[in-house]
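**Student:** Take this structure, written in structure tokens, and hold onto it; I'll ask about it next.
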């Protein structure tokens with residue numbers, strides 16, 4: 001089912017690319033060039049994260065991952081995931097393969113949901129920059145509320161998908 005869906009997406013993307021090329025060759029080529037530049041800019045980060053994930057999975061046994069981030073880890077596992085997500089500064093597209101591999105190796109859905117939610121909405125690393133533009137009160141309040149929201153989101157993900 002997933003393979004068929006992937007093939008359909010590739011066919012649709014190819015057809016739309018050909019249509020775009022037929023409508024405006026210059027814009028399509030410019031878009032392809034920009035996409036390639038974005039791809040090459042993200043590629044080193046992507047490779048380094050994949051190597052890091054491979055190293056982590058080689059060192060940690062699935063049982064260890066399950067104990068730290070599995071469903072049985074409960075709130076503590078969620079808190080660990082949320083804190084890591086809140087301080088990590090990596091693009092989401094790079095985090096998805098990491099989460100996929102952790103799920104395959106025993107991590108819980110709620111724990112990975114809180115990681116992704118915190119990663120995308122909380123920015124403890126970028127807090128000084130936010131304070132500069134938004135002010136201290138707004139920046140801190142925004143980060144705290146989104147940190148709490150990450151737990152609410154993960155709770156519902158855990159309820160719906162486990």
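The values are calculated or read from the model by the stated rules, or taken from the named source; none is laboratory data. Being a predicted model, the structure only gives us computed values, none of them experimental. Cβ sites come from the backbone with ideal geometry, for glycine too, and all protein chains shown count toward neighbours.
**Student:** Return a yes/no flag: does the stretch 124-140 have any residue that is over 15 Å from residue 53 (Cα atoms), within 15 Å of the chain's Cα centre (by Cα) and part of a helix (DSSP H, G or I).
**Tutor:** No, the stretch 124-140 has no match at all.
**Student:** Looking at 76, 103, 60, which one is out of contact with any helix residue (DSSP H, G or I) (no Cβ under 7 Å at 6 or more places or on another chain) and surrounded by fewer than 17 Cβ atoms within 10 Å (Cβ to Cβ)?
**Tutor:** Testing whether each residue is out of contact with any helix residue (DSSP H, G or I) (no Cβ under 7 Å at 6 or more places or on another chain) and surrounded by fewer than 17 Cβ atoms within 10 Å (Cβ to Cβ) leaves just 76.
**Student:** Suppose the filter is without any contact (Cβ under 8 Å) to a residue 24 or more places away in the chain and in contact with a helix residue (DSSP H, G or I) (Cβ under 8 Å, 6 or more places away or on another chain); does residue 31 pass it?
**Tutor:** When the stated conditions are applied, residue 31 passes them.
**Student:** Among the numbered criteria (1) surrounded by 12 or more Cβ atoms within 10 Å (Cβ to Cβ); (2) at pLDDT below 90, which one does residue 131 miss?
**Tutor:** Every condition holds for residue 131 apart from (2).
**Student:** Sort through 43, 50, 55 and tell me the only one that's touching a helix residue (DSSP H, G or I) at 6+ places or on another chain (Cβ under 8 Å) and either assigned to a helix (DSSP H, G or I) or more than 17 Å from residue 119 (Cα to Cα) (or both).
**Tutor:** Criteria check complete, one pass: 50.
**Student:** If you check residue 55 against the conditions, is it farther than 30 Å from residue 105 by Cβ, out of contact with any strand residue (DSSP E or B) (no Cβ under 9 Å at 6 or more places or on another chain) and either surrounded by fewer than 11 Cβ atoms within 10 Å (Cβ to Cβ) or outside the structural domain of residue 104 (by TED's automatic domain parsing) (or both)?
**Tutor:** Considered against the rule, which asks whether it is farther than 30 Å from residue 105 by Cβ, out of contact with any strand residue (DSSP E or B) (no Cβ under 9 Å at 6 or more places or on another chain) and either surrounded by fewer than 11 Cβ atoms within 10 Å (Cβ to Cβ) or outside the structural domain of residue 104 (by TED's automatic domain parsing) (or both), residue 55 comes out as no.
**Student:** Report whether or not residue 89 is part of a loop (DSSP other than H, G, I, E, B), within 30 Å of residue 40 (Cβ to Cβ), touching a residue at least 12 places away in the same chain (Cβ under 8 Å) and not assigned by TED's automatic domain parsing to the domain that holds residue 41.
**Tutor:** Answer is yes for this residue.
**Student:** If you don't mind, there's one more thing I want to ask. Quick check on this structure: which one of 96, 156, 146, 115 is touching a helix residue (DSSP H, G or I) at 6+ places or on another chain (Cβ under 6 Å) and surrounded by fewer than 19 Cβ atoms within 10 Å (Cβ to Cβ)?
**Tutor:** 146
**Student:** Kindly check whether there is at least one residue in the stretch 68-81 that is out of contact with any strand residue (DSSP E or B) (no Cβ under 7 Å at 6 or more places or on another chain), outside any helix (DSSP H, G or I) and within 17 Å of residue 157 (Cα to Cα).
**Tutor:** yes
**Student:** What do you reckon, is residue 35 part of a helix (DSSP H, G or I) and surrounded by fewer than 17 Cβ atoms within 10 Å (Cβ to Cβ)?
**Tutor:** yes
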